[in-house]
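These notes concern the structure reproduced below.
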Amino acid sequence: MSNPVCVEVTRGNLVESRHRGSIVAIDGDGKVVFSAGDIDRGVFPRSACKAMQALPLVESGAADTYGFGNKELALACASHNGEDEHVALAASMLARAGRDVGTLECGAHWSSDQKTLIHQARTIDKPTALHNNCSGKHAGFVCACCHQDIDPKGYVGYDHPLQQQIRDTMQSLTGAVLAHDNCGTDGCSIPTYAVPLKGLAHGFARMATGVGLEPLRAKASRRLFEACMAEPFYVAGTDRACTKLMQVAPGRIFAKTGAEGVFCAAIPEQGIAIAIKCDDGTGRAAEITVAATLARFFEKDGAVHAGLTAMANKSFRNWNGIHVGDIRPASVLTA
């Protein structure tokens, strides 16, 4: 099945580039309310599923034991810029469990955000694992282990008890079988599993609605979503798409990006979740696609629809400030 063109990039009056992909919006009962392309193909959700991976942190009681509020829970679901606030909070989370940066197994990297990178280069000699965009998630992993008296050493491994908990959680939510056959290794070294796009969206819809979930998981899911929506800066950071999408409609939209053109979102008040995958793996296409898809579910004359539509339509200017083209959703998203 050939996926449709979701995003077009123009230069002058011509389309210069096209991005193909698949999209699905689904409710808690599993009903597809909008789709385009192959939604049954397995995709690696990468960082888009961090809220699912954070459920053991809350369900185990670790989050309460260590006094985590919205900021900490948002960071546990984050792919952050490595801004000073992100780094300090990740360190604080570890300290509450009696651990430090040496326990993290995510690796270190400079920020992918240019302004943050320049700031880092001016203020530190080299980044640590706390600067890794996944440090909040990994701090949450360490805390979940410590609270349950599980040795955190090797917590990124497929057979570690925490990864088994995460695998069981994601299987329950998505309905997909997760095993070695559909497992890869993520950038931060934990296992990542290819699941059908439809199952990924359904998992988030169940988190958003609580449909089919036991009370503990429904409560934990709601708590994580509410934390992310309350503290969008800690989910991503300055000028990031996740943060901006949630700021368009405070408390009404949950959004989380993943690598290689994946994006997930939910509108809890409507009981709908969205998952998208751009075939060529580009983030710019994923951001346009998810913004345009979200806009479909808000009143066309309302402020939220206008804000999302603005995010889905961007102009390009060259280094002299001359308008040279645009990036926009294709007809499959606007019809």
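The values are calculated or read from the model by the stated rules, or taken from the named source; none is laboratory data. Just so it is clear, the structure is predicted and the values come from calculations on it, not from any experiment. Cβ placement follows ideal geometry from the backbone for every residue including glycine, while neighbour counts extend to all protein chains displayed. Side chains included, ligands, DNA and RNA excluded: accessible areas come from the protein's heavy atoms. Shrake-Rupley method; radii C 1.70, N 1.55, O 1.52, S 1.80 Å.
Looking at region 46-68, can you tell me whether even one residue there is free of Cβ contacts under 8 Å to residues at least 24 places away in the same chain and more than 19 Å from residue 174 (Cβ to Cβ)?
First, the residues of region 46-68 that are free of Cβ contacts under 8 Å to residues at least 24 places away in the same chain: 64.
Adding the requirement that they be more than 19 Å from residue 174 (Cβ to Cβ) leaves 64.
Yes, the conditions are met somewhere in region 46-68.
Considering (1) under 24 Å from residue 242 (Cβ atoms); (2) in contact with an Asp or Glu (Cβ under 6 Å, 6 or more places away or on another chain); (3) open to solvent by 50 Å² or more (accessible area, probe 1.4 Å), say which one residue 18 fails and leave the rest.
Failing condition for residue 18: (1).
For residues that are surrounded by 21 or more Cβ atoms within 10 Å (Cβ to Cβ) and not small (Gly, Ala, Ser), scanning just region 203-213, find the one that is nearest to residue 283 (Cα to Cα). It would help to see each step written out before you state the result.
Our first condition is that a residue be surrounded by 21 or more Cβ atoms within 10 Å (Cβ to Cβ); within region 203-213, this holds for 203-209.
Pick out the ones that are also not small (Gly, Ala, Ser) and you get 204, 206-207, 209.
Numbers: 204: 20, 206: 26, 207: 25, 209: 28 Å.
The selected residue is 204.
Just the residues that are more than 21 Å from residue 195 (Cβ to Cβ) and either open to solvent by 20 Å² or more (accessible area, probe 1.4 Å) or out of contact with any helix residue (DSSP H, G or I) (no Cβ under 9 Å at 6 or more places or on another chain) (or both), please, taken from region 44-60.
60
Quick check on region 300-335: of everything there that is assigned to a strand (DSSP E or B), of a type in the set (Lys, Arg) and under 28 Å from the mean Cα position of the chain (by Cα), which residue is nearest to residue 250 (Cα to Cα)? Step through it out loud before you land on a result.
The initial filter retains those residues of region 300-335 that are assigned to a strand (DSSP E or B), namely 314-317, 323-329.
Pick out the ones that are also of a type in the set (Lys, Arg) and you get 314, 317, 328.
Now restrict to residues that are under 28 Å from the mean Cα position of the chain (by Cα): 314, 328.
Details: 314: 22, 328: 24 Å.
This residue is 314.
List the number of the failed condition for residue 149; all other conditions in (1) under 30 Å from residue 100 (Cβ atoms); (2) surrounded by 18 or more Cβ atoms within 10 Å (Cβ to Cβ) hold.
(2)
What are the pairs with Cβ atoms under 6 angstrom where one residue, in region 173-194, is closer than 12 Å to residue 163 by Cβ and the other, located anywhere, is among the aromatic types (Phe, Trp, Tyr) and surrounded by 11 or more Cβ atoms within 10 Å (Cβ to Cβ)? Sequence gap at least six, or different chains.
Between residues of region 173-194 that are closer than 12 Å to residue 163 by Cβ and residues that are among the aromatic types (Phe, Trp, Tyr) and surrounded by 11 or more Cβ atoms within 10 Å (Cβ to Cβ), the close pairs are 178/193; 183/193; 191/158; 192/44.
Could you check residue 41 against (1) open to solvent by less than 50 Å² (accessible area, probe 1.4 Å); (2) among the charged types (D, E, K, R); (3) under 29 Å from residue 185 (Cβ atoms) and say which number it fails?
Among (1) open to solvent by less than 50 Å² (accessible area, probe 1.4 Å); (2) among the charged types (D, E, K, R); (3) under 29 Å from residue 185 (Cβ atoms), residue 41 violates only (1).
Which is at pLDDT 95 or above, part of a strand (DSSP E or B), open to solvent by less than 30 Å² (accessible area, probe 1.4 Å) and aliphatic (A, V, I, L, M), of 275, 227, 291? Reasoning before the result, please.
Values: 227 fails: part of a strand (DSSP E or B); 291 fails: part of a strand (DSSP E or B).
None of the others qualify; the one that does is 275.
Taking region 173-197 on its own, how many of its residues are polar (S, T, N, Q) and in a helix (DSSP H, G or I)?
As a first pass, look at region 173-197 and keep what is polar (S, T, N, Q): 174, 182, 185, 189, 192.
With the extra rule that they be in a helix (DSSP H, G or I), the set shrinks to 174, 182.
Matching residues across region 173-197 total 2.
Between 312, 330, which is without any contact (Cβ under 8 Å) to a residue 40 or more places away in the chain and open to solvent by less than 10 Å² (accessible area, probe 1.4 Å)?
So the residue among 312, 330 that is without any contact (Cβ under 8 Å) to a residue 40 or more places away in the chain and open to solvent by less than 10 Å² (accessible area, probe 1.4 Å) is 312.
Looking at 216, 200, which is the one that is open to solvent by 60 Å² or more (accessible area, probe 1.4 Å), in contact (Cβ under 8 Å) with a residue 60 or more places away in the chain and in a helix (DSSP H, G or I)?
Values: 200 fails: open to solvent by 60 Å² or more (accessible area, probe 1.4 Å).
Result: 216 is the single residue among 216, 200 that is open to solvent by 60 Å² or more (accessible area, probe 1.4 Å), in contact (Cβ under 8 Å) with a residue 60 or more places away in the chain and in a helix (DSSP H, G or I).
Starting from residues that are open to solvent by less than 10 Å² (accessible area, probe 1.4 Å) and touching a Phe, Trp or Tyr at 6+ places or on another chain (Cβ under 9 Å), keep the ones in region 259-272 and report whichever is nearest to residue 49 (Cα to Cα).
That would be 264.
What's the total number of residues in region 278-288 that are open to solvent by less than 10 Å² (accessible area, probe 1.4 Å) and not in a helix (DSSP H, G or I)? Please lay out each step first, then the result.
Of region 278-288, the ones open to solvent by less than 10 Å² (accessible area, probe 1.4 Å) are 278, 285-286, 288.
Narrowing further to those that are not in a helix (DSSP H, G or I): 278.
Result for region 278-288: 1.
So, of the residues in region 72-107 that are over 12 Å from residue 139 (Cβ atoms) and acidic (Asp, Glu), which turns out to be surrounded by the fewest Cβ atoms within 10 Å (Cβ to Cβ)?
The qualifying residue surrounded by the fewest Cβ atoms within 10 Å (Cβ to Cβ) is 84.
Could you tell me which of the residues 168, 159 is open to solvent by 50 Å² or more (accessible area, probe 1.4 Å), part of a loop (DSSP other than H, G, I, E, B), of a type outside the set (A, V, I, L, M) and within 24 Å of residue 106 (Cβ to Cβ)? Before you say what the answer is, go through the steps one by one.
Values: 168 fails: part of a loop (DSSP other than H, G, I, E, B).
Matching residue, one of 168, 159: 159.
Which residue pairs have Cβ atoms closer than 9 Å, lie 6 or more positions apart in sequence or on different chains, and pair a first residue in region 155-171 that is farther than 16 Å from residue 140 by Cβ with a second residue that is assigned to a helix (DSSP H, G or I) and among the polar types (S, T, N, Q)?
157/163; 158/164
Does residue 115 meet the test of being among the basic types (Lys, Arg), open to solvent by 50 Å² or more (accessible area, probe 1.4 Å) and part of a loop (DSSP other than H, G, I, E, B)? I'd like the intermediate steps shown before the answer.
Numbers: among the basic types (Lys, Arg): yes; open to solvent by 50 Å² or more (accessible area, probe 1.4 Å): yes; part of a loop (DSSP other than H, G, I, E, B): no.
The answer is no for residue 115.
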